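Trainee: Take this structure first; my questions come after.
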């Protein structure tokens, strides 16, 4: 196979799995076994295709004269990746076209190579027909942009959408005794660092977005406190609270995810349990962390595909479930105890509306900006995932 073809072939395969089979881009990228240069190309093409899918699909449809749903999935994905490279990459156009043809031949749709070649060569010949770089708003579903416009000012919406089209830095948490020498400190989030080197992490560090580290920091625990992590898998936040000296019970309703968490953090006490019906007596814990299941729209730098997996109706339903989980969590803490509520998203229905009317406040010392009864972190504010955190105290 010619150099570079495998990376492009793998990118097309990954895009198909992500869009049609529910795979996550960050997991597929991290699982790649390609040589480093090809792995970098695979990562670039996969993420670029997903981030600019609306513009790319418009180009494919305009030059092929066929709607994307009418194209064979594999053919559509090879074309998408090639168009992504023509629009945003640096390789010569002839190399992109040739590699796309080789890519489709290497799969099960070799008979479509002439069609792929013709579409891409038409694009190269008639570049003036290509749409100009689009406004960031046009790269997202209309419902999402309308929702953000209804809750933030225009400048913040523009900043969030623009930055969410880029890459997330690799951030890590330092465990007990890890000093972070040689790493860049993430401002105002103790224990969080940026790790830009290649290879294995030094001992004592865990890959974890700094916003998640901020959540672990926000729980107002003291050493020896008994803390429940009500939706814990994969367990990074629970391990963080353990490292702060808490006794931690970690639960998740998904048995496989709980088992995976136990394998990774065997010293935590894991329980398979639904967060709406936990098997604990009222008032059993000093604190509860509820990092609730959410739409994940704060993670679009690492998982750009999440924007295609939710809609305005599902956001409303998520908000209702999150409030029910929060009400349940409040029954599990002793009087004077707290529930730290967090979600890695940015919609008002899942954030400020969930804690509205409760004795809730922003965690002390956390970066970001105050939003309702909590704090908002985000790629445009703190160069982290989007995250809302609020500490609710039981009277």
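FYI, it's all coordinate maths here, none of it is from the lab. What you see is a predicted model, and the numbers here were worked out from it, not measured in a lab. Counting neighbours? That spans all protein chains shown, and the Cβs are built from the backbone with ideal geometry, glycine included.
Trainee: Measuring from centroid to centroid over Cα atoms, what is the spacing of region 212-276 and region 336-395 in Å?
Mentor: Rounded to whole Å, the Cα centres lie 19 Å apart.
Trainee: Have a look at 171, 36, 208 and tell me which one the Gaussian network model of the chain (Cα, springs below 10 Å) gives the largest fluctuation.
Mentor: 36
Trainee: In terms of the Cα gyration tensor, with a ≥ b ≥ c the square roots of its eigenvalues, is the chain rounded because a/c is under 1.5, prolate because a/b exceeds b/c, or oblate?
Mentor: In terms of gyration-tensor shape, prolate.
Trainee: How high is the relative contact order of the chain, given as a whole-number percent (alpha carbon pairs under 8 Å, six or more residues apart)? List each step's numbers first, then the result.
Mentor: Numbers: 716 pairs, mean separation 51.3, N = 395.
That works out to 13 percent.
Trainee: Rank these for me by crowding, 370, 123, going from fewest to most other beta carbons within 10 Å. Kindly include the intermediate steps, with their values, before the conclusion.
Mentor: On the way: 370 11, 123 24.
Fewest-to-most Cβ neighbours within 10 Å comes out as 370, 123.
Trainee: For the chain, modelled as a GNM with alpha-carbon contacts under 10 angstrom, which of 214, 192, 93 fluctuates the most?
Mentor: Among 214, 192, 93, the largest GNM mean-square fluctuation belongs to 93.
Trainee: If you don't mind, another one. Need one word for region 194-330: rounded, prolate or oblate. Basis is the Cα gyration tensor (sqrt eigenvalues a ≥ b ≥ c); a/c below 1.5 gives rounded, then a/b vs b/c decides.
Mentor: On the way: a/c = 1.69, a/b = 1.01, b/c = 1.68.
Oblate.
Trainee: Taking R0 as 30 Å, what FRET efficiency do you get between residue 134 and residue 40 from their Cβ-Cβ distance, rounded to the nearest 0.05?
Mentor: E(calc), rounded to 0.05, equals 0.75.
Trainee: Now a separate question. Full extension from residue 256 to residue 334: what is 0.36 nm times the residue separation minus their Cα-Cα distance, to one decimal in nm?
Mentor: 25.1 nm
Trainee: What is the angle, in °, between the Cα long axis of helix 5-21 and the longest principal axis of the Cα atoms in the chain? Nearest 10 is fine, range 0 to 90.
Mentor: Tilt relative to the chain: about 50 degrees.
Trainee: Mean residue ellipticity at 222 nm from the helices of the chain, using -39,500 (n - 2.57) per DSSP H segment of n ≥ 4 over the full residue count, to the nearest 500 deg cm²/dmol?
Mentor: -13000 deg cm²/dmol
Trainee: Okay, moving on. Can you give the extra length, in nm with one decimal, that the chain gains between residue 121 and residue 30 once fully stretched, where that is 0.36 nm per residue apart less the Cα-Cα distance?
Mentor: Between residue 121 and residue 30, full extension yields 29.5 nm more.
Trainee: Please order 156, 142 by the number of other Cβ within 10 Å, starting at the fewest.
Mentor: Listed from fewest to most nearby Cβ atoms, that is 142, 156.
Trainee: Identify which of 128, 61, 139 has the largest mean-square fluctuation in a Gaussian network model of the chain, with springs joining Cα atoms closer than 10 Å.
Mentor: Most flexible of the set in this elastic network: 128.
Trainee: Beta carbons within 10 angstrom, averaged per residue: use that to sort the peptides 21-29, 274-282, 317-325, 77-85, highest first.
Mentor: For the peptides 21-29, 274-282, 317-325, 77-85, the packing ranking is 77-85, 317-325, 21-29, 274-282.
Trainee: Which whole-number percentage describes the relative contact order of region 5-129, with Cα contacts under 8 Å and a sequence gap of 6 or more? Mind showing how you got there, number by number?
Mentor: Values: 131 pairs, mean separation 35.0, N = 125.
So the answer I get is 28 percent.
Trainee: By per-residue mean of other Cβ atoms within 10 Å, what is the highest-first order of 241-247, 297-303?
Mentor: With the highest mean Cβ count within 10 Å placed first, the list reads 297-303, 241-247.
Trainee: Would you mind ranking 143, 270 so that the residue whose beta carbon has the fewest other beta carbons within 10 Å leads the list? Please list the in-between numbers first.
Mentor: Numbers: 143 14, 270 24.
Sorted ascending by nearby Cβ count, the order is 143, 270.
Trainee: Further question on the same structure: Using R₀ = 56 Å, calculate the FRET efficiency as 1/(1 + (r/R₀)^6) where r is the Cβ-Cβ separation of residue 67 and residue 187; round to 0.05.
Mentor: The formula returns an efficiency of 0.75 here.
Trainee: In degrees from 0 to 90, rounded to the nearest 10, what is the angle of the helix 113-125 Cα long axis to the longest principal axis of the chain?
Mentor: Taking Cα atoms only, the helix is inclined about 90 degrees.
Trainee: Relative to the longest principal axis of the chain, what angle (0 to 90°, nearest 10) does the C-alpha long axis of helix 53-64 take?
Mentor: It is inclined by approximately 20 degrees.
Trainee: While we're looking at this one, here's another question. Provide the FRET efficiency to the nearest 0.05 for the residue 274-residue 364 pair, computing r from the beta carbons and using R0 = 30 Å.
Mentor: With R0 = 30 Å, the Cβ-Cβ based efficiency is 0.45.
Trainee: While we're here: May I ask what percent, to the nearest 5, of DSSP beta bridges between residues of the chain are antiparallel?
Mentor: Details: 22 of 39 bridges.
The antiparallel fraction comes to roughly 55 percent.
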